[in-house]
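This report concerns only the one structure given below.
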Amino acid sequence: MSDQTNYGSAPARWPYPVRYEVENRVETDVLIIGAGVAGAMAGLRAARRGVKVAVVDKSPVDISGSGGSGLDHYLDCFSNPDCAITPEEVMDLPSEENYFLPRRDHRSYIHMKGSWENLLEMEKLGLHFRDEEDEFAGAPFRDEKTKIMYAYDYKTKSSIRLRGGAALKKHMRSGIAAEPNASLYERVMITSLLTEDGKQGARIVGATGLNEETGEFYVFHAKCVIISTAGVSMQGTQTWTFNSEMFANGYRADPRNTGDGVAMAWNAGAELYSEQSFGQTMMTGPFGWPWYGIGNPDNTWHPCTIVDNKGTVIPWIDSQGNPISTIEERTLPAPNERYMSMNRPTPNIDPELIRNGTYELPLWADLSSLPEHERRGIWGLMVGNEGRTRYAIYDYYNKAGFNPDTDMLMCPIMTPENFGNRWKDWFQGEPDNNKFWKADTLKGIATDWNQMSNVEGLFASGSESGQGGAVAGSSGGYAGNRAAEYALKTTHGRISESQVAAEKARVYAPVNRAEEASATVSWKELWMGMNRVMQQDCGEFRSVALCNHGLMWLDSIKKHEMQLTYARNPHELARVLEAESRVTVAEVYLHLCLAGFQTEAEHVAADKLMFAKLIDGELIRTYKDDGWWLKPPYAPTYLENYEKCRALELEKEVK
Amino acid sequence: MAEAYLVPNPIAPNQTVSIDAEKCIGCNECTRHCRTQTIMPNPEAGASPIVIYPDECWFCGCCIDACPKGAITMHYPINQRVFFKRKESGEVYRIGGPDAPPQTYFKPPVG
Ligand SMILES: Cc1cc2nc3c(=O)[nH]c(=O)nc-3n(C[C@H](O)[C@H](O)[C@H](O)COP(=O)(O)OP(=O)(O)OC[C@H]3O[C@@H](n4cnc5c(N)ncnc54)[C@H](O)[C@@H]3O)c2cc1C
Ligand code: SF4
Ligand code: SF4
């Protein structure tokens, strides 16, 4: 283990100057918390409106966030002029026919409507997503005029392949660095929001932060903030589990997305969306495989041929279940459809044929049988630009002798039923879909047409407000503009020094007690302790009694073990604080479950949407009509509201 | 061989990336691009960085991308190393396995 020179040997000195005692005060108009694909675009757009912007991220912005090592497809781009269906039409589809967005509100509209403009902005920043080199000339997924390459459904054209997507965040960072009004603060983790007089629910006046290299403290004084910290761990991959065995598994969001944004917003009195369905997800779990690194016919690997272990080719069906025979048909809607409905075309795997041995496992993904443009489209264009694929998959597998022209890649092994049911963990290798560890992401901070929450000055964008994906910058850019407009007509609020002092005491406690004999709880153990509570009290069976039991259990941990954590350097300190965020997120889940039970008990009408917040220890529920975003005081159509909100911005552009 | 030490248990995965000290110039570009601080600068100026927190590695490859000297190698954990099958011959190999064939595909990624 020569490369781990520090392992088991005398501890090496921390490589950065340690300055826990230093406090930096920064005055800005707009503060961006988390500069992933959403926050980076928010910072850029806000700065262009002439306000001062501080862009803060725990990680370096050129690689930060779930999209920080790449993105291969740009979904939901219905505003692209060549798309067969418009954002307005998507919003009007009945839910059962809406493959694109099963859950729709003003936020999904904002996300879709700005998607094309956002992509063009990223192109200006340096993302050459078109096939300008004509490498794919003549391919059926390529538009010969625009040189745009589409994915999955070549007729509808709502998903665009991101050539060069691996470098997206580099371009975004350069864009921010070039804006004179924007300042970047990297490796600074925001730990809490500051509110007027330190009161929950009062206007936001700034935030506190910690530098994870030097341990320095930050106080940002801002007129408003945008939270774009992406919630907690997409697809539940590590929500209630902690095990380094699974760290290369699944899709797994950026491990730095630890729910800090949810925790700080909740602590500040923000309302969160609560959906009855929350708590479980059918998406890949911690023991599944990453879609892109394993043989499969979907996602990044669509439309790859699948064969069984004896070489029998599995036949495909179209999106309506009818048999199809050509590779081209796998990329088109059914003959009578304008766009692919609920299902993408898929290999048709009858579980019985696996049981009786007609199909022998494992299955294999046969890239070699595809035409060159599809093969290269998958191995090179998609795998290569997708997050975590350029080195871990593309480069690694090639070096290990894998050759897509001649070789087939193994598919995950699952139960026969799972192969037949694409709404389970299809081709991801985790046999069951109802495990406690698969808690879904929270539905985010509730925001209005301006992307502002119920707390004045607190905006949210990206996955933090239910607008994730490569197109998250669309909501980020929109929120950046709205926040800048808010800042232009507002003055700074007053920071409560006692709130700052209390937060500072919390932040540095694990350092200050590190030498004490009783300080024996590591960040990992605190995280594990929280997981146990949730595995027991917030699993598949939940009840009011269990939720209350879980809250009592967490409270006990908070009062005891959470006061015994230690940090021997700024890295461990950031991890302890992240684990504390996770504990708060767990409490949020339990509170939202309780709010759900109360709603049920009171027989609230099924078409009401519930929002919940905690003010001074009291759980407060609010209800709104489904579709409130198109009812007074708002205009009756999506387009009118969108244009009204953007009026100032568009006026400025015309000038 | 004869020496034995009292050391903490190893963590898993144990080696997610490694640095070739011969190629490394100690510029720390990799440490500057590691979101999890898995690789940290060596306190000794100019020496190769230290892989200190492999149990937090995301396998994103951003360190490799940032290295001007090609000094970093990724080691995908055993539980991710799947099989591939040569279609013509039916031979089966494992990524990183003992009998892996030589590299025959050299095209760079698109874009
Ligand atoms: C491997 C992988 C591949 C993917 N591929 C695709 C794809 O091809 N197409 C697609 O549509 N989607 C894809 N996704 C999903 C997509 O990456 C995310 O939905 C998207 O990044 C969400 O954007 P965001 O800005 O909301 O969050 P992120 O991009 O994750 O950004 C969140 C940011 O907040 C920062 N942060 C968190 N907490 C704090 C704090 N306390 N203080 C300061 N900063 C903080 C983080 O460092 C991070 O930079 C993929 C995801 C993964 C994991
Ligand atoms: S692969 Fe990513 S997380 Fe792992 S050491 Fe390199 S930069 Fe850090
Ligand atoms: S980037 Fe490469 S050369 Fe520079 S310190 Fe890291 S391993 Fe060494």
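The values are calculated or read from the model by the stated rules, or taken from the named source; none is laboratory data. Remember, predicted model here, so these are calculated numbers, not experimental data. Cβ placement follows ideal geometry from the backbone for every residue including glycine, while neighbour counts extend to all protein chains displayed. The accessibility values were calculated without ligands, DNA or RNA, using every heavy atom of the protein model including side chains. Shrake-Rupley method; radii C 1.70, N 1.55, O 1.52, S 1.80 Å.
A compact table of results
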read-out: Verdict on A:Ala505 being modelled with pLDDT of 95 or more and over 17 Å from A:Val576 (Cα atoms); value: no
read-out: Verdict on B:Thr38 being among the hydroxyl-bearing types (Ser, Thr, Tyr), under 12 Å from the mean Cα position of the chain (by Cα), open to solvent by less than 20 Å² (accessible area, probe 1.4 Å) and modelled with pLDDT of 95 or more; value: yes
read-out: Qualifying residues in the stretch B:58-95 (those that are part of a strand (DSSP E or B) and under 17 Å from B:Met40 (Cα atoms)) - the one nearest to ligand 1 (Cβ to nearest atom); value: B:Met74
read-out: The one condition in (1) closer than 27 Å to A:Val383 by Cβ; (2) surrounded by fewer than 19 Cβ atoms within 10 Å (Cβ to Cβ); (3) more than 7 Å from ligand 3 (Cβ to nearest atom) that B:Ala4 fails to fulfil; value: (1)
read-out: Residue match in the stretch A:19-31 (condition: under 28 Å from B:Ala47 (Cα atoms) and assigned to a loop (DSSP other than H, G, I, E, B)); value: yes
read-out: Total residues in the stretch B:32-50, condition more than 21 Å from A:Asp62 (Cβ to Cβ) and in a strand (DSSP E or B); value: 1
read-out: Residues of the stretch A:387-413 classified as charged (D, E, K, R), under 18 Å from A:Tyr251 (Cα atoms) and more than 7 Å from every other protein chain (Cβ to nearest Cβ), total; value: 0
read-out: Matching residues, the stretch B:93-103, being crowded, with 16+ Cβ neighbours inside 10 Å and more than 7 Å from chain A (Cβ to nearest Cβ); value: B:Arg94
read-out: Checking B:His33 against (1) under 14 Å from the mean Cα position of the chain (by Cα); (2) of a type outside the set (Asp, Glu); (3) within 10 Å of ligand 2 (Cβ to nearest atom); (4) open to solvent by 20 Å² or more (accessible area, probe 1.4 Å), the condition it does not meet; value: (1)
read-out: Among residues of the stretch A:345-362, those that are in contact with a Lys or Arg (Cβ under 9 Å, 6 or more places away or on another chain) and open to solvent by 30 Å² or more (accessible area, probe 1.4 Å), counted; value: 1
read-out: Residue match in the stretch A:482-498 (condition: open to solvent by 30 Å² or more (accessible area, probe 1.4 Å), more than 16 Å from ligand 2 (Cβ to nearest atom) and closer than 23 Å to A:Val585 by Cα); value: no
read-out: Flag for A:Met562 being farther than 30 Å from A:Val219 by Cα and either out of contact with any Cys (no Cβ under 9 Å at 6 or more places or on another chain) or assigned to a helix (DSSP H, G or I) (or both); value: no
read-out: Some residue of the stretch A:78-85 being within 16 Å of ligand 3 (Cβ to nearest atom), touching a residue at least 24 places away in the same chain (Cβ under 8 Å) and either within 11 Å of chain B (Cβ to nearest Cβ) or more than 29 Å from A:Leu31 (Cβ to Cβ) (or both); value: no
read-out: Failed item, numbered, when B:Ala21 is tested on (1) within 16 Å of ligand 3 (Cβ to nearest atom); (2) part of a loop (DSSP other than H, G, I, E, B); (3) open to solvent by less than 20 Å² (accessible area, probe 1.4 Å); value: (3)
read-out: Residue check, A:Gly39 away from chain B (no Cβ under 11 Å) and in a loop (DSSP other than H, G, I, E, B); value: no
read-out: All positions within the stretch A:605-655 that are in a loop (DSSP other than H, G, I, E, B) and open to solvent by less than 40 Å² (accessible area, probe 1.4 Å); value: A:Gly627, A:Ala635, A:Arg646
read-out: Selected residue (only one of B:Met40, B:Met74 is facing chain A (nearest Cβ under 7 Å), aliphatic (A, V, I, L, M) and closer than 21 Å to A:Ala400 by Cβ); value: B:Met74
read-out: Pairs with Cβ under 7 Å, 6+ apart, first in the stretch A:103-116 and without any contact (Cβ under 8 Å) to a residue 40 or more places away in the chain, second assigned to a helix (DSSP H, G or I); value: A:Arg104/A:Met91
read-out: Test: residue in the stretch A:113-130 that is within 14 Å of another protein chain (Cβ to nearest Cβ), under 30 Å from A:Leu184 (Cα atoms), open to solvent by less than 30 Å² (accessible area, probe 1.4 Å) and charged (D, E, K, R); value: no
read-out: Neighbours by Cβ (under 8 Å, 6+ apart or cross-chain): first from the stretch A:299-328, assigned to a helix (DSSP H, G or I); second open to solvent by 30 Å² or more (accessible area, probe 1.4 Å) and at pLDDT 95 or above; value: A:Glu328/A:Pro140
read-out: Breaking point among (1) free of Cβ contacts under 8 Å to residues at least 12 places away in the same chain; (2) away from every other protein chain (no Cβ under 14 Å); (3) more than 29 Å from A:Thr331 (Cβ to Cβ), for A:Cys224; value: (1)
read-out: Matching residues in the stretch B:20-34 - criterion: being at the interface with chain A (Cβ under 9 Å from one of its Cβ atoms) and among the aliphatic types (A, V, I, L, M); value: B:Ala21
read-out: Members of the stretch B:77-92 found to be of a type in the set (A, V, I, L, M, F, W, C) and more than 7 Å from chain A (Cβ to nearest Cβ), listed by number; value: B:Ile78, B:Val92
read-out: So B:Val17, is it near ligand 2 (Cβ under 8 Å from one of its atoms) and either at the interface with chain A (Cβ under 7 Å from one of its Cβ atoms) or at pLDDT 95 or above (or both); value: yes
